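Throughout, read-outs are computed from the coordinates displayed, never taken from laboratory work. Keep in mind the model is a prediction, meaning the values are calculated, not measured. Note: ideal-geometry Cβ built from the backbone for every residue, glycine included; neighbour counts use all protein chains shown.
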Amino acid sequence: MSRRYSDAYNPAQDEGVVVRAHGLRKSYQRGSEEVLAVRGVALQVGEGELVALVGPSGSGKSTLLNLLAGWEEPDSGTVSWRGGAPGRQDELGWDELAIVPQRLGLAADLSVAENVAWPLRLAESPDDERVAQLLDRFGLSALADRLPAEGSLGEQQRAALARALVRRPRLLLADEPTGHQDEDWAKGVAVALRGACAEGSACLLATHNAELLDFADRVLSLHDGRLGGPSGLVSFGP
Ligand SMILES: Nc1ncnc2c1ncn2[C@@H]1O[C@H](COP(=O)(O)OP(=O)(O)OP(=O)(O)O)[C@@H](O)[C@H]1O
Ligand SMILES: [Mg+2]
């Protein structure tokens, strides 16, 4: 499969589009200064696709993920979520969206296992086996009964990833999901995300990790709130 820097729509994937954004713009007021964090972004991510979002610090990656998640309102533009199956036009349910925020957002007073199980509990569909499987996959079995703060930052980040994947989300938005991982675990995380895509999840990851790009189907490059980067569309190897 070819990978490329691209902000273009891919009409061939139109039927399996899980999230689509058009003309997204977001500004913040900092005192008298207006900061334009996202300026006119269009993108789509399809079922089973792993898309990496790269760009310098401050280029708008987290803001864009927050807009796609519905955590922030755009000044203008639209975000729509679609069902993955061809012809399905219904909106993506909130419970089908999972997010790994840059600041992780684990519940401090729940154990690692309880954090991972939380989305299942909310859905009233407990599945101890699934939780155990994810704890094992992310090297957290020995920490299951500990509080997040009793683990390393890397372990906490993997717990946030396990929690995000536990219900096999239709759309996963992950902000720097390997930011606290060593080389081996960065690869482990990438393999786990690829596995989620193989099961049909659409994954969009903001990342500074060049090694993650090898696992991506497409790479979107964000500069100063705009997709495409200074040189526009740049191809790199199949
Ligand atoms: N709540 C806010 N109020 C004001 N400015 C903000 C706010 N959130 C983000 N910004 C600004 O918007 C721009 C984009 O920030 P954002 O956090 O999206 O960047 P990023 O690409 O995720 O950076 P990093 O790689 O460091 O995480 C930056 O200039 C930032 O200072
Ligand atoms: Mg960020």
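The stretch between Gln29 and Leu122, if pulled fully straight at 0.36 nm per residue, gains 29.9 nm over its current Cα-Cα span.
Amide hydrogen proximity for Val35: with H placed 1.01 Å from N in the peptide plane, the residues at 5 or more positions away or on another chain lying under 5 Å are Tyr28, Gln29, Arg30.
Under the simplified labelling scheme, the Glu199-Arg103 pair shows an inter-label distance of 2.9 nm, with each label point 7 Å from Cα along Cα→Cβ.
Relative contact order of the range 89-223, please, whole-number percent, based on alpha carbon pairs below 8 angstrom and at least 6 residues apart. Before the final figure, lay out the partial values.
On the way: 180 pairs, mean separation 38.4, N = 135.
Dividing the mean separation by the residue count of the range 89-223 yields 28 percent.
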